[in-house]
Amino acid sequence: MSVPPGSIIVSDWHRCPDSREFFSKILHKKRRRKFGLLEAPMMPPQMNVDLVRYKVFLSGKTGVGKSALAARLAGLDLPKMHYETTGIETTVVFWPVRLKESGRVLFFRFELWDCGESAMRRFDHMLLSCKEKVDAILFLFSFTDRGSFDDLTNQISRITEPSDRVVKLVVGTKFDLFMHTDVTESDVTHFQEVWGLPVFRVGGDI
């Protein structure tokens with residue numbers, strides 16, 4: 001059976017009163033809890049919720065904001081100063097959703113993998129580890145760094161194969177710093193037309 005286009009989840013469910021009990025499992029004092037690789041929200045037996053797992057690899061040149069994006073998505077504090085990731089860092093994000101048709105509640109578990117550019121060049125096995133059983137790859141560039149945008153084609157060609165069955169998305173960071181942008185909207189439009197990949201823009205509070 002074909003699925004009609006559009007989201008299969010209720011996009012604004014997190015604002016609904018009946019979502020509060022589920023979101024309380026990922027919050028502590030109105031802030032997001034930090035979960036380790038082996039941790040999960042504590043659910044009471046009467047809450048019959050299935051867990052859906054996704055592994056997501058964040059790829060991009062040094063300084064584009066991979067670690068900052070992972071921290072934002074996890075609701076964690078941003079690093080106060082930039083440093084290059086020395087190896088592989090993983091960030092676990094839980095998020096409850098309600099399906100439109102059935103009304104069923106699921107918990108998404110996103111495992112975000114971020115690897116420093118220098119470490120990946122030195123140790124071949126790191127890229128293999130990041131790609132192993134990956135469900136999606138986010139290719140990052142910074143709107144304030146033209147070189148990171150020009151490197152996208154190299155990243156996509158080097159990391160993926162045409163036969164790969166993974167979701168591929170492009171994320172442009174620091175979009176709020178439009179006064180210092182090195183990448184124009186026409187550049188982004190042309191890239192999307194050539195590669196057929198959506199480009200998401202983030203900046204500030206995302």
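The values are calculated or read from the model by the stated rules, or taken from the named source; none is laboratory data. The structure presented is a predicted model; accordingly, all values stated were derived computationally and were not measured. Cβ coordinates were reconstructed from backbone atoms using ideal geometry, including for glycine residues, and neighbour counts include every protein chain displayed. Each accessible area value is taken on the protein alone, full model and side chains, heavy atoms only, with ligands, DNA and RNA left out. Shrake-Rupley method; radii C 1.70, N 1.55, O 1.52, S 1.80 Å.
Against the definition (more than 30 Å from Ile159 (Cα to Cα), in contact (Cβ under 8 Å) with a residue 40 or more places away in the chain and part of a loop (DSSP other than H, G, I, E, B)), how does Pro41 come out, yes or no? Against the criterion (more than 30 Å from Ile159 (Cα to Cα), in contact (Cβ under 8 Å) with a residue 40 or more places away in the chain and part of a loop (DSSP other than H, G, I, E, B)), Pro41 qualifies. In the stretch 30-39, the qualifying residues are those that are out of contact with any Phe, Trp or Tyr (no Cβ under 7 Å at 6 or more places or on another chain) and over 14 Å from Arg20 (Cα atoms), and the one that is least open to solvent (accessible area, probe 1.4 Å) is Gly36. When the stretch 40-68 is limited to residues that are charged (D, E, K, R) and over 15 Å from Trp95 (Cα atoms), the one that is least open to solvent (accessible area, probe 1.4 Å) turns out to be Lys66. Val134 meets the conditions (1) β-branched (Val, Ile, Thr); (2) open to solvent by 40 Å² or more (accessible area, probe 1.4 Å); (3) out of contact with any Leu (no Cβ under 9 Å at 6 or more places or on another chain) in every case but one. The failed one is (2).
Residues in the stretch 175-194 that are under 16 Å from Phe139 (Cα atoms), open to solvent by 70 Å² or more (accessible area, probe 1.4 Å) and not in a helix (DSSP H, G or I): Phe175 only. Just one residue in the set Leu169, Leu197, Leu106, Leu152 is modelled with pLDDT of 90 or more, open to solvent by less than 40 Å² (accessible area, probe 1.4 Å) and closer than 30 Å to Leu27 by Cα; that residue is Leu106.
Residues of the stretch 155-166 being in a helix (DSSP H, G or I) and surrounded by fewer than 16 Cβ atoms within 10 Å (Cβ to Cβ), which ones?
Here is the first cut: in the stretch 155-166, the residues in a helix (DSSP H, G or I) are 155-159.
Hits for the stretch 155-166 are Ser157, Arg158.
Based on this model, can you work out whether Leu78 counts as in a loop (DSSP other than H, G, I, E, B) and at pLDDT below 85? Before the answer, list the steps.
On the way: in a loop (DSSP other than H, G, I, E, B): yes; at pLDDT below 85: yes.
When the stated conditions are applied, Leu78 passes them.
Of all the residues in the stretch 111-150, those that are part of a helix (DSSP H, G or I) and without any contact (Cβ under 8 Å) to a residue 24 or more places away in the chain number 7. Are any of the residues in the stretch 62-72 within 16 Å of the chain's Cα centre (by Cα), over 18 Å from Gly172 (Cα atoms) and either modelled with pLDDT of 90 or more or not in a loop (DSSP other than H, G, I, E, B) (or both)? There is no residue in the stretch 62-72 that is within 16 Å of the chain's Cα centre (by Cα), over 18 Å from Gly172 (Cα atoms) and either modelled with pLDDT of 90 or more or not in a loop (DSSP other than H, G, I, E, B) (or both).
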